Structure formats: structure tokens, C-alpha cells
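Student: What follows is a structure written as C-alpha cells; I'll ask about it next.
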Number of protein chains: 2
Amino acid sequence: MKKDLDRLMEERGLDAAVVGGNVYGNPTMNYLLNGAAVGGGIIVKKRGQTPTFIHHSIEREEAVASGLELVDMSRYNYLSILREKHDRLAANVELYRRIFADLGVKGDVGFYGMADQGSAFVFLGALDQALPDVRVRGEYQEGLFDVARATKDADEVAMIRQAARLTCEVISETIAFLQRQRVEGETLVTADGAPLTIGAVKREIMRLLAERRLEDPQGVIFAIGRDGAIPHSKGRPDAPIRLGQPIVYDLYPRHASGYFFDCTRTFCLGYAPPEVEKIYQDVSGCVDAVIAASQVGVPARTLQQVACQFFEERGHPTVASNPQTEEGYVHSISHGLGLAVHEEPSFADIPSNTTTLQPGHVYTVEPGLYYPDRGYGVRIEDVIWIDEQGTLHNLTDLPRQLVFEMNGRGSR
Amino acid sequence: MKKDLDRLMEERGLDAAVVGGNVYGNPTMNYLLNGAAVGGGIIVKKRGQTPTFIHHSIEREEAVASGLELVDMSRYNYLSILREKHDRLAANVELYRRIFADLGVKGDVGFYGMADQGSAFVFLGALDQALPDVRVRGEYQEGLFDVARATKDADEVAMIRQAARLTCEVISETIAFLQRQRVEGETLVTADGAPLTIGAVKREIMRLLAERRLEDPQGVIFAIGRDGAIPHSKGRPDAPIRLGQPIVYDLYPRHASGYFFDCTRTFCLGYAPPEVEKIYQDVSGCVDAVIAASQVGVPARTLQQVACQFFEERGHPTVASNPQTEEGYVHSISHGLGLAVHEEPSFADIPSNTTTLQPGHVYTVEPGLYYPDRGYGVRIEDVIWIDEQGTLHNLTDLPRQLVFEMNGRGSR
């Protein structure tokens with residue numbers, strides 16, 4: 001949580017932390033800016049102090065909403081530095097030198113935020129050379145903000161809950177939209193008699209998202225039949241929707257607040273083949289088993305072991321017995337969720353992963369079973385929040401239901 | 001253009017280029033992946049060869065659409081490397097060592113793509129140390145892909161044109177939506193008699209965007225009156241829409257192809273105050289003057305000089321006479337446009353900017369005049385493409401019109 005930043009900086013021996021770059025695609029900038037609608041800038045946090053936001057002059061009014069100490073970038077007259085130094089690398093080193101001098105930054109300084117990797121390598125190397133009082137530090141794993149962001153405070157949970165409610169609404173409304181369609185034979189058809197395609201359904205999903213100020217930067221998964229058995233297939237736009245074929249619908253939009261939600265439901269329209277029903281029960285049972293195994297202090301990596309064991313006992317191949325399997329259970333059970341759709345805590349089942357479940361964690365539980373050769377896959381995904389008292393809350397307020405009847409306007 | 005990559009690599013003394021990270025917020029990944037709907041991976045391009053895409057196993061079917069040479073990441077069994085090395089830094093260095101050995105990568109290797117800046121600093125430093133045959137290189141300015149991406153080939157222009165057509169449609173439809181509203185006194189009102197707010201207009205804009213598979217990752221500007229005089233104000237959601245007040249409407253969405261468009265129109269509903277009319281003519285005249293000054297071989301920085309001179313001659317303060325001015329013309333004239341909403345070519349008016357206009361450049365022309373104390377701002381933005389023959393094309397097919405009459409359902 002944000003309130004842990006000073007303690008986490010002390011543990012890491014950091015005197016200051018710098019976060020930079022554009023806000024877009026840069027969750028740690030978003031985290032510190034508290035939703036201020038700016039494009040980017042530089043944030044400097046000295047240990048024990050409120051961060052300072054060096055903002056673009058043109059965004060001075062938006063910057064106020066960050067609640068941070070503000071410094072207008074125009075104070076440094078970057079263009080005049082650039083005229084003096086002739087190249088951007090030297091000019092940016094000089095800009096940071098002046099900012100650090102003004103703010104009294106020295107000692108061990110950690111750098112964070114998204115940048116071109118080669119540029120960062122060159123720039124931070126040059127800065128480290130140029131500033132004798134500063135030791136440039138980077139973190140490769142369990143970095144300051146990764147760890148702080150992994151546990152959510154009440155404000156963050158409120159925003160995730162809002163994203164949850166709206167995301168579940170979109171899923172319900174999408175299914176209601178499908179139920180309203182006409183059926184010819186086994187195929188859903190539009191008013192003009194042409195098959196209803198996944199492309200058309202996705203346009204409806206986009207409309208439902210937009211109405212709720214949900215953005216879908218990474219693409220919804222709406223995959224039917226065999227495509228649903230390829231876990232990351234987003235679905236072929238020209239594929240028709242047929243009765244009795246399982247549809248994997250995985251929606252992970254970002255709310256206007258910057259927080260993501262992530263939910264998957266698998267369902268059939270009209271009826272479900274018996275073998276799909278069986279698989280569905282196994283996946284749903286696995287969700288329950290993993291949630292039952294979740295409590296504060298449990299090593300995060302055990303959730304994957306619980307899922308693999310649950311499926312192995314029911315005769316499904318898993319990545320535990322064969323890491324390269326493309327049948328059965330083929331992926332990870334969980335990921336943290338917040339300002340990024342995948343973030344800490346990590347649930348990787350490897351000895352170096354010493355993460356344990358903690359109050360404030362928000363994470364998915366998303367087992368699935370995939371049988372491409374049989375033409376179907378099933379995944380169910382709920383999101384769990386562990387509150388301050390260690391109580392688990394399922395934030396996904398949506399029934400698990402395999403079959404949705406059509407409204408009956410069909411000719412079947 | 002992509003066809004220039006080998007030449008540009010040779011000029012830079014690069015034997016190979018590596019692009020990595022997630023695709024989201026990472027335009028260079030997008031550029032090389034040719035629209036393949038994957039989440040991320042590693043792309044290695046040796047000079048003179050088709051790039052190799054080391055993709056996640058789970059995305060093997062989507063990876064095919066990239067048209068690149070494919071290697072399934074599962075071949076390296078990353079989890080087993082991680083078990084062996086115990087930490088992610090050592091494991092990722094080992095992963096790259098194995099990939100480079102398989103592909104015969106050595107010599108000078110440039111690294112690109114978005115990553116956490118501190119992580120990149122640590123990782124590339126460790127990689128440089130660990131691989132005796134490889135010299136890790138980064139570029140801080142006018143990097144390989146920045147330069148390649150700055151000139152667009154025919155495929156890219158076709159995608160930008162599509163984004164242009166759809167973006168202009170959304171602007172026209174938004175204005176038509178406003179014209180249909182009822183007016184009470186000077187204020188637009190909804191069916192229930194409450195003032196129509198910017199928040200409600202933005203919801204309509206989101207709907208219009210979603211219908212066209214346009215995403216709006218960075219937020220539309222729809223600002224009325226004084227807010228329009230703060231160039232980056234996005235508009236207050238609770239502000240009502242009134243007749244005779246200039247509205248700055250700046251839309252910069254991303255098309256499903258990944259390419260952005262960027263268009264600004266300023267307009268008044270019902271009527272425009274005479275002083276706004278005067279300002280509008282100056283801004284529109286400036287667009288024409290800057291376009292008239294554009295031709296192949298002209299230094300890009302001169303466009304800003306043309307704009308400043310045009311405005312100074314008409315009595316407006318500009319950043320040329322006062323870099324800190326918050327009145328008059330306060331920003332830059334142009335930016336390149338493509339897979340990022342701001343990219344090369346650079347139009348910064350500084351001596352180190354030696355960029356000249358070239359065939360394939362796609363860039364905005366967006367002068368504006370801002371008078372916060374008088375309560376209004378005006379900006380107009382068109383996009384220019386210079387074709388292979390050096391002919392300019394204005395890709396913004398939208399009239400410049402200051403006043404739009406209401407449809408007359410008002411009580412005014």
C-alpha cells in the first residue's frame with residue numbers, strides 16, 4: 001500500500017525514488033498521480049516526504065488533482081538546456097541534475113516507470129556517471145512499487161469494486177443480447193437472416209463497455225468451440241455463434257479510474273453437450289478448491305499446486321506433470337490485479353517465489369481445461385480480495401451458469 | 001519505413017536489434033508484429049534477415065499473423081531456468097544467452113521496446129557483462145525504430161486513412177448530436193430539462209468511437225469556454241453546454257490496427273462572439289500558412305517559426321517572444337503521428353533538430369490561440385501526409401466551420 005512506501009524504501013536502502021514517463025501504459029505513474037488527468041512528467045519521492053510532481057506547464061491545472069507537491073517544468077526551461085547541450089542525452093542529464101539539486105536528492109536513488117529499454121540503459125548509465133552524489137539503482141524483481149501496489153488500500157478496493165460491478169454488468173448484458181437473437185437450425189442469426197458473428201457480438205461488447213467508461217486496451221476474449229481451447233485466442237471475427245458450443249468469454253477492461261477488473265465465464269446457448277457439463281463441473285470445483293485453500297500466510301505458489309492436484313485426481317493432464325502440455329490445464333492459476341491486469345503478487349510455482357497471501361491482496365482464481373482436439377475449452381475466473389482482517393471476499397458477483405436458454409424467437 | 005531497417009542498422013553499426021515487452025503501450029512491438037493479436041514476447045532481428053518472434057506458447061496461433069519467423073518460448077522452458085538460477089535477473093540473462101546462441105546473435109546489439117527503466121538498466125548491464133560476444137547498445141535519440149517509423153509506407157498510410165475517416169465521422173456525428181438537443185435560454189438541455197453536460201457528451205463520443213472500433217486510451221479533449229483556453233484541459237464533466245461559447249474538441253483515438261489519428265475542431269453552437277470569429281480566422285490562416293510552408297527538404301523546425309511569425313504579425317504573444325507565455329500561442333505546431341500519437345519527426349525549434357520534411361512523413365498542423373482571462377481558446381488541427389512524389393495530402397476530410405446552427409427545437 002502507499003502507506004508502506006517509506007518502510008519499503010528503508011528496507012531497500014533507498015534515499016529517493018524517481019518515477020517518470022508518460023502515464024499511458026505506465027501504471028506506477030498512475031499510482032502516484034492519484035488519477036490526475038495528465039500525460040506524463042517526473043515524480044520524485046524522497047524517503048519520508050510527500051512526492052514532488054514536476055509537471056508540464058501546459059498541464060498545470062490538471063496536476064493539482066494529484067495532491068502532490070508541484071513544480072512547473074517550465075522553471076527549468078528545457079529548450080534552453082537543449083540549446084546549450086546540443087543533444088538530448090546531455091540535456092536530460094542536466095535537467096535531472098538541476099531537479100535533484102533543487103530538491104536535495106542524493107544518495108541511493110531508485111528509478112521506475114516505463115521507458116524504451118535501450119534509452120533507459122544509456123540515460124541511467126550517463127546519469128550515474130555525471131552525478132557524484134547519486135548512486136543510480138534499479139530493481140529487477142519485487143521492486144518498491146511492485147510490492148507497494150500488491151496490497152490495496154480501501155480507496156483502491158473501492159475503485160476495483162466499481163470496475164467489478166460494471167464488468168459483471170457487461171457480461172450479463174452480453175448474454176442477454178445473445179438470448180434475444182433469433183435461431184435458425186443451430187445458428188444464431190441477425191434480422192436479415194445472416195449468421196450472427198463473433199465480430200458483431202464484440203461490437204455490442206464495445207458499446208456496453210463504452211457506456212460504462214470501461215476501456216478495453218488489450219482485447220476481449222470471446223471464443224467459441226475449438227478457439228476456446230486455445231487459451232489466448234481472442235475468437236475469430238467471422239465465426240458464427242451456434243447452440244451447444246461452449247463460449248469462453250474473458251473480459252479484462254480498465255475502468256476510468258485506471259483500475260482493471262478481470263472476469264471469465266464459459267457458457268453454452270440452448271444446451272450443453274454432456275462432456276462439456278462434466279468439464280465445467282471440474283473447473284468450477286477447482287475454483288472452489290483454490291479459494292478454500294486461500295488464507296493469509298499461505299504461500300502463493302501452493303494455489304497452483306492445489307489446482308494441478310485437483311485436476312490430476314480427475315484424470316486431466318496438467319503443467320505439473322508435463323510443462324509443455326497443450327491439453328488439460330495448461331496455464332497459471334492466478335495473478336494480482338490492480339492498475340495493471342497482471343501484477344504482483346506472483347503465484348509462480350517455483351522455489352524462489354516466497355510470496356505469501358496477505359491482507360490487501362487482490363487476485364484472480366482462473367482454472368481452465370482445454371481440449372483442442374475435442375473442440376472445446378472451459379475457463380472460469382473470479383477475483384478475490386483479502387481484507388485487513390484476513391477475510392476473503394469474492395468480488396465477482398456473477399453466477400456460474402453453463403447453459404443459457406434462448407428467449408425462444410427461434411425456428412429450431 | 002520497414003524497408004529501411006537494414007540500411008539504418010548498418011548506419012548505426014548494429015548487427016542485431018532486440019525488441020521486447022508487452023505489446024500494450026509499446027508501439028515498436030506493434031510495428032514489427034504487423035497487427036498479430038498477441039500480448040508480448042521477444043523479437044530478434046539480425047541485419048539482413050526477417051525478424052524472429054519468440055512468442056509465448058499460449059499465443060502460438062495468434063503469432064502466425066505476424067509473418068515473422070516463429071520460435072515457441074516453451075522451447076527454453078523458462079521455469080526450469082528459473083528453478084536453476086533462483087532469481088529472475090540471472091534467469092533472464094540465461095534465457096537471452098540461449099536465444100542468442102540459437103540464432104547466432106553477436107556483435108553490436110541494440111535494445112528497444114518499453115520496460116521499467118530501472119529494470120532495463122540492471123538487466124542490460126548484467127547482459128552486457130555476461131555475454132562476451134555481445135555489446136549491448138541503446139539509443140537515446142533518433143533511434144533505429146524512431147527513424148524507421150517516422151516515414152510511413154503504403155500499408156501504414158492506408159491504416160492511418162482508415163483511422164482518419166472514422167475519427168472525422170465521430171466528430172461530425174458528435175456535432176450533429178449537439179445540434180439535435182433542445183435549448184433553454186442559452187443552455188442545451190436533455191429530455192428531462194436538466195442541462196446537457198460535457199460528461200454526457202463524452203459518453204456519446206465513447207459510444208460513437210466504440211461503434212467504429214476506435215479506442216481512446218488517452219482521453220478526448222472536449223472543453224468549453226475558459227477550459228478551452230487551457231490547452232490540455234480535457235473539459236469538466238459537470239460543465240453545461242451553452243450557445244456562443246467556443247468548444248475545443250480534440251480527438252486522438254487509436255484504430256483497431258494500432259494506428260492513431262488526431263484531429264481538433266473548435267466550434268460554437270448557435271452563434272459566435274465577434275472576437276472569437278477574429279481569433280478563429282487567425283488560427284485557420286495559420287494552418288494554411290504552415291501547410292503552404294511544408295515541402296520536402298524544408299527543415300521541420302521552420303514550421304514552428306512560420307506559425308510564431310504569423311501570429312506575432314497579428315498581435316498575439318507567442319512562445320517565440322516569451323517561452324513562458326500562457327496567453328496567445330503557447331505550444332508546438334506539429335508532431336509525427338502513427339503507432340504513437342506523438343512520434344518522429346520532431347518539429348522542436350532548436351538548433352540540434354536537423355530533421356527535414358521527407359516523403360512518408362505524417363504529421364499534425366495544429367496552431368491555437370489561448371486567452372484564459374477572456375474565457376476562450378481556439379485550436380484547429382489537420383494531418384498532412386507527404387507521398388512518395390513529395391505531394392502533400394491533407395488527411396483531415398472535415399470542414400473548418402466555426403458556427404453550427406441548432407436544429408431549432410429550442411425555446412430560445
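Student: Extension gain residue B:275-residue B:135, at 0.36 nm per residue separation less the Cα-Cα distance, in nm?
Tutor: Contour length minus Cα-Cα distance gives 44.3 nm.
Student: Which entries in the list A:152/A:202; A:3/A:46; A:3/B:234; B:3/B:46 go over 23 Å, if you measure between the two C-alpha atoms of each?
Tutor: From A:152/A:202; A:3/A:46; A:3/B:234; B:3/B:46, over 23 Å: A:152/A:202; A:3/B:234.
Student: Another question, then. As a test of the formula, what do you get for the protein assembly as shown when each DSSP H run with n ≥ 4 contributes -39,500 (n - 2.57) and the sum is divided by the residue count, at 222 nm and rounded to the nearest 500 deg cm²/dmol?
Tutor: The helix-only estimate for the protein assembly as shown comes to -10000 deg cm²/dmol at 222 nm.
Student: Looking at the axis that maps chain B onto chain A, which chain B residue has the closest Cβ, and how far off is it in Å, rounded to a whole number?
Tutor: Residue with the nearest Cβ, plus whole-Å distance, for chain B: B:25, 1.
Student: Right, here's the next one. Using a 10 Å cut-off on Cβ to Cβ distances, tally the other chain neighbours for every residue of A:69-77 and report the average as a whole number.
Tutor: 1
Student: Given a Förster distance of 30 Å, report the FRET efficiency between residue A:162 and residue A:70 from their Cβ-Cβ distance, rounded to the nearest 0.05.
Tutor: 0.60
Student: Expressed as a rounded percentage, what relative contact order does the stretch B:152-404 have, with Cα pairs under 8 Å and six or more residues apart?
Tutor: 22 percent
Student: Just the number, please: Stokes-Einstein D of the stretch B:1-150 in µm²/s, Kirkwood Rh from C-alpha pairs, 25 °C, 0.890 mPa s.
Tutor: Stokes-Einstein gives a translational diffusion coefficient of 157 µm²/s.
Student: Further question: Within 10 Å of each Cβ in A:231-244, how many Cβ atoms from other chains are there, averaged over the peptide?
Tutor: 2
Student: Which distances, shortest first and in nm, link residue A:191 to the matching position in the other copies, using label points set 7 Å out along Cα to C-beta?
Tutor: 1.8
Student: From the gyration tensor of the Cα coordinates in the stretch A:166-258, what semi-axes in whole Å does the equivalent ellipsoid have, largest first, with each one equal to sqrt(5λ)?
Tutor: Sorted largest first and rounded, they come to 23, 16, 10 Å.
Student: Please compute the average number of Cβ atoms from other chains found within 10 Å of each residue's Cβ in peptide A:105-118.
Tutor: 6
Student: How far apart, in nm, are the 7 Å Cα→Cβ label points at residue B:79 and residue B:391?
Tutor: 5.9 nm
Student: Using only the alpha-carbon atoms of the protein assembly as shown as identical scatterers, what base-10 log of I(q)/I(0) does the Debye formula give at q = 0.07 Å⁻¹?
Tutor: Those come out to -0.55, one per q.
Student: Could I ask something else about it? Scale the Cα Rg of the stretch A:151-404 by the rule-of-thumb value 2.2 N^0.38 Å and send over the ratio, two decimals.
Tutor: Taking the Cα Rg and dividing by 2.2 N^0.38 Å, one obtains 1.00.
Student: Of all DSSP beta bridges in the protein assembly as shown, what percent run antiparallel (nearest 5)?
Tutor: That works out to approximately 75 percent antiparallel.
Student: Points 7 angstrom from Cα along the Cβ direction at residue A:211 and residue B:184: gap in nanometres?
Tutor: Each label point is offset 7 Å from its Cα along the Cβ direction, giving 2.6 nm.
Student: Another question about this same structure. Quick one: with label points 7 Å out along Cα→Cβ, list the inter-copy distances for residue A:398 in nm, shortest first?
Tutor: With the label placed 7 Å along Cα→Cβ, residue A:398 yields 3.4 nm.
Student: Enter the Cα centre distance for the pair the stretch B:186-230 and the stretch B:35-60, rounded to the nearest angstrom.
Tutor: The stretch B:186-230 and the stretch B:35-60 have Cα centres separated by 39 Å.
Student: Mean shadow of the stretch A:301-412, computed from the convex hull of its alpha carbons, in nm²?
Tutor: Projected over every direction and averaged, the Cα hull of the stretch A:301-412 covers 10.2 nm².
Student: Now for a different question. Arrange A:326, A:313 by Cβ neighbour counts within 10 Å, fewest through most, would you?
Tutor: A:313, A:326
Student: Another question, then. Using the beta-carbon distance between residue B:403 and residue A:400 and R0 = 56 Å, what value does 1/(1 + (r/R0)^6) give for FRET efficiency, to the nearest 0.05?
Tutor: The calculated FRET efficiency here is 0.50.
Student: Charges only on Cβ, +1 for Lys and Arg, -1 for Asp and Glu: so what's the dipole of the protein assembly as shown about the Cα centre, in debye to the nearest 20?
Tutor: 580 debye
Student: Now a separate question. Please report, in Å, the Rg and the Dmax of the stretch B:330-371, where both are computed over Cα atoms only.
Tutor: Every Cα atom of the stretch B:330-371 included, Rg and Dmax give 11.3, 36 Å.
Student: May I ask you to work out the translational diffusion coefficient for the stretch B:62-179 at 37 °C, viscosity 0.692 mPa s, via Stokes-Einstein with Rh from the Kirkwood sum over Cα pairs, reported in whole µm²/s?
Tutor: 180 µm²/s
Student: Extending each Cα 7 Å along its Cβ direction at residue A:313 and residue B:354, get the distance between those two points in nm, one decimal.
Tutor: Output for this residue pair reads 7.1 nm.
We did not get these values from a lab; they are worked out from the coordinates using the rules stated. Note that the coordinates shown come from a computational prediction; the quantities given were computed from them, not determined experimentally. Here the Cβ is made from the backbone with ideal geometry for all residues, glycine too, and neighbour counts use every protein chain on show.
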